[in-house]
Amino acid sequence: MNNGRALPLITSVCYVRLAVSEPSASARFMSDIFGLQRVADQDGEIAFRSDDRFRTVSLGRNSADGASIGVEVWDDKALEEIGRRLRDLGFNTREATSGECRRRYVQSALLAEDASRNRIDLVVRPSRSGRRYFPARDAGIVAFHGVGLRTIDRIRDLAFWKALGAEVSDFVGDIAYLRIDGMHHRVALYPSKRNGLLYAAFEVEALDQIMQNSYFMQESQIRILQGPGRQPASRQIFLHVEGPDGLIFSYVNGMAEVGDRPRLARQFPLHPTSLCDWGSESKDVPELGAPG
Amino acid sequence: MIQLKDVSYVRLGSPDLESAEHFATSCLGLQIAERGKKDLYLRSDERAHTLCYSEGDPRSQTVGFEVEDEVSLQDAASTLESLGHAVHAGTAEEAEQRKVKSLIGFRDPSGNHVELVVRPERSGRRYFASRDAGITGFSHIGLNSTDPARDERFWTQICNARVSDRIGDIPLMRVNAIHHTIALVRAPKAGIQHVNHQVESNDDVLRSYYFLSERRVPIVFGPGRHPTSGARFLYFRGPDGMIFEYSVGVDEIEDEATHRPRQFGFEPTSFCMWGSKPAGMTLPDN
């Protein structure tokens, strides 16, 4: 992941900022149903915690600076290196203003776009929280885990992530699982007809919480878009839940650790058995499905 | 005291052996050990058979327990007779049908047909399943009881069963280190309430949930997790209404001398800590 550097360029996916039509109604879903902790409401964005970070999810109205994904960068020097690499590859980047940094709870940031026009914030020193995480509901969330992104230009988008130091762990068809730390993946690129966030995934303690949340969602009449299931490539157990405005929030557990040794990406065919070992299928989200 | 070593087999009557065989192999996933004219023998582990379908009345249900030796068997017969239970000494033909050296049959206080057997056969060849359900072996039964307190006394005072936990007044009883081998279920009449097979992993429980759902096998409870034994489970309905269970991760009682049965309230969360609700299967009635 370090691409020959002593230190990695990026360390984690650290937040998602989401644009929704009704932030306050959606906020109730995030806290009372999904189980995050509501921590702030400023600059037109409602912020939620899932771990020791100050916030990992923000809900705002649809606006020009309304949606983005945060990626934590090692330091300002690494940020400069990333900026150089992205510009060399022809990607749009610009430095964030102090207002944009404040809204993102970070010290400095480079605002970039991949080839699909997904907005990726490369951020330095995102805020942590001194108090421990205390959610509204016992969903068993322990940390924000990662994201699935829709891509309309998978080759260029892959180049974007590789420039940040990400490596492909495995492919299912043209779905690419990208590794940025020791875990099998933190980012997954899903070929699609449009851009945008496919899902935001939150790690829970164990299988127990995946299953408890599955029954909780059924009782709360919240649509489960796929799962409980298990991703064969990463061994991760998942439950994809439908949130406000069709956004997908996922509970995950048990992802394989790959470590930092070089590893050849494996190719799985685009088939339902490559996407779920247990037999769950997604009928309504084309990116999560495969022709049987 | 009658020393039960382990549960050995279940015998079920069925009017339609062909359907029973289809279910046992393509859904449940057992291995056919032997097909007789009127009997179908099925394997689930290293034993020669653990389930036998016999052409006949589906109300005819028997559970077999293994005892140490012939002497123990004769002692058990005397004990049961002295308590007023009618004891049937198994014939050579009956022993052969059950693949055991010798046996006796009797009814427990609820009227369940129970057999005690000596030297049930093992198989030299390893178990090879008909479908990859991950079964590791036949493990326990749910047994109907018209009076759980009375039947608990029978199984724990006349026999060697020990209570591991209770849900309401329903005891889960063990005869060896495994959390339970007999789970009593309050019911209006005698019968086997469910037959449990252990599987390898959580993955197998969830895979079978999707596999059986797709084949329209009625899932009656689960996927879930029992807070008592810790086991992840799936209950589903087979031929003649019999309920089968897959489970994994049943606790072992580590210290026989100091284990005290825990009391769980009679409520849904005592049966499933994940939140699944029984559908088409009655929970043991308090």
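A few notes on this one:
- Here B:SER54 does not qualify as within 26 Å of B:SER44 (Cβ to Cβ), touching a Gly at 6+ places or on another chain (Cβ under 9 Å) and modelled with pLDDT under 95.
- Residue within the stretch B:155-170 that is in the same structural domain as B:ILE243 (by TED's automatic domain parsing), in contact with a His (Cβ under 8 Å, 6 or more places away or on another chain) and not basic (Lys, Arg) present: yes
- Candidate set from the stretch A:11-32 (those that are in contact with a Gly (Cβ under 8 Å, 6 or more places away or on another chain) and farther than 19 Å from A:ARG119 by Cα); member that is surrounded by the most Cβ atoms within 10 Å (Cβ to Cβ): A:MET30
- Residue match in the stretch B:211-232 (condition: away from chain A (no Cβ under 14 Å), among the hydrophobic types (A, V, I, L, M, F, W, C) and at negative phi): yes
- Filter result for the condition that a residue is over 24 Å from B:GLY137 (Cβ atoms) and among the charged types (D, E, K, R), over B:ARG122, B:ARG107: B:ARG107
- For the stretch A:224-251, the candidate set comprises residues that are part of a loop (DSSP other than H, G, I, E, B) and in contact with a helix residue (DSSP H, G or I) (Cβ under 8 Å, 6 or more places away or on another chain); within that set, the residue that is farthest from the other protein chains (Cβ to nearest Cβ) is A:GLY243.
- The lone exception for A:ASP88 - which of (1) touching a Gly at 6+ places or on another chain (Cβ under 6 Å); (2) acidic (Asp, Glu); (3) modelled with pLDDT of 95 or more it fails: (1)
- Of the residues contained in the stretch B:259-278, none is found to be modelled with pLDDT under 95 and among the aliphatic types (A, V, I, L, M).
- Evaluation of A:ASN213 against (1) within 14 Å of chain B (Cβ to nearest Cβ); (2) touching a Ser or Thr at 6+ places or on another chain (Cβ under 8 Å); (3) surrounded by 20 or more Cβ atoms within 10 Å (Cβ to Cβ) (one fails), failing number: (2)
- For B:SER270, the stated conditions hold: it is surrounded by 17 or more Cβ atoms within 10 Å (Cβ to Cβ), outside any loop (DSSP other than H, G, I, E, B) and among the polar types (S, T, N, Q).
- The set of residues in the stretch B:195-210 being in contact (Cβ under 8 Å) with a residue 60 or more places away in the chain, of a type outside the set (S, T, N, Q) and either surrounded by fewer than 22 Cβ atoms within 10 Å (Cβ to Cβ) or facing chain A (nearest Cβ under 9 Å) (or both) consists of B:GLU200, B:ASP203, B:ARG207.
- Test for B:PHE233: is it in contact (Cβ under 8 Å) with a residue 60 or more places away in the chain and either among the hydrophobic types (A, V, I, L, M, F, W, C) or surrounded by fewer than 16 Cβ atoms within 10 Å (Cβ to Cβ) (or both): no
Residue by residue, here is whether (1) assigned to a loop (DSSP other than H, G, I, E, B); (2) in contact with a helix residue (DSSP H, G or I) (Cβ under 9 Å, 6 or more places away or on another chain); (3) at pLDDT 95 or above holds:
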site: A:SER116; (1), (2), (3): yes, yes, yes
site: A:ARG132; (1), (2), (3): yes, no, no
site: A:ASP138; (1), (2), (3): yes, yes, yes
site: A:PHE144; (1), (2), (3): no, no, yes
site: A:LEU149; (1), (2), (3): no, yes, yes
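- Figure legend. Inter-residue proximity from the stretch B:148-175: first residues on the phi > 0 side of the Ramachandran plot, second residues surrounded by fewer than 21 Cβ atoms within 10 Å (Cβ to Cβ), beta-carbon distance below 7 Å, spacing 6+ or different chains. Indicated pairs: B:GLY168/B:PHE266; B:GLY168/B:ASN286.
- Scanning the stretch A:268-281 for residues that are more than 14 Å from every other protein chain (Cβ to nearest Cβ) and either surrounded by 13 or more Cβ atoms within 10 Å (Cβ to Cβ) or within 16 Å of A:GLN236 (Cβ to Cβ) (or both) yields a total of 3.
- Matching strands (runs of 3 or more DSSP E) fully within the stretch A:30-96 where at least 3 residues are in contact with a Lys or Arg (Cβ under 6 Å, 6 or more places away or on another chain): A:45-49
- Unmet criterion (only one of (1) among the hydrophobic types (A, V, I, L, M, F, W, C); (2) closer than 21 Å to A:ASP41 by Cα; (3) modelled with pLDDT of 95 or more) for A:LEU110: (2)
- Selected residue (criterion: nearest to the chain's Cα centre (by Cα)) from residues of the stretch A:200-236 that are over 14 Å from A:GLY254 (Cβ atoms) and of a type in the set (A, V, I, L, M): A:ALA200
- Residue tally, condition touching a strand residue (DSSP E or B) at 6+ places or on another chain (Cβ under 6 Å) and farther than 17 Å from B:PHE264 by Cβ, over the stretch B:134-157: 13
- Strands (runs of 3 or more DSSP E) enclosed by the stretch B:27-94 - at least 1 residues per element that are closer than 27 Å to B:ARG125 by Cα and aromatic (Phe, Trp, Tyr): B:39-43, B:51-55, B:61-66
Results for (1) within 14 Å of chain B (Cβ to nearest Cβ); (2) surrounded by fewer than 23 Cβ atoms within 10 Å (Cβ to Cβ); (3) at pLDDT 95 or above, shown as yes or no for each residue.
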| position | (1), (2), (3) |
| --- | --- |
| A:ARG186 | no, no, yes |
| A:PRO191 | no, yes, yes |
| A:LEU207 | yes, yes, yes |
| A:SER220 | yes, yes, yes |
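- Meets criteria (surrounded by 15 or more Cβ atoms within 10 Å (Cβ to Cβ), in a loop (DSSP other than H, G, I, E, B), in contact (Cβ under 8 Å) with a residue 60 or more places away in the chain and in contact with a strand residue (DSSP E or B) (Cβ under 8 Å, 6 or more places away or on another chain)) for B:LEU4: yes
- Flag: A:ILE237 does not match the condition of being under 24 Å from A:ALA143 (Cα atoms), among the hydrophobic types (A, V, I, L, M, F, W, C) and surrounded by fewer than 23 Cβ atoms within 10 Å (Cβ to Cβ).
- Residues (small (Gly, Ala, Ser), farther than 18 Å from A:MET211 by Cβ and not assigned by TED's automatic domain parsing to the domain that holds B:ASP169) located in the stretch B:254-282: B:GLY280
The values are calculated or read from the model by the stated rules, or taken from the named source; none is laboratory data. The structure presented is a predicted model; accordingly, all values stated were derived computationally and were not measured. Cβ: placed from backbone, ideal geometry, glycine included. Neighbour counts: every protein chain shown.
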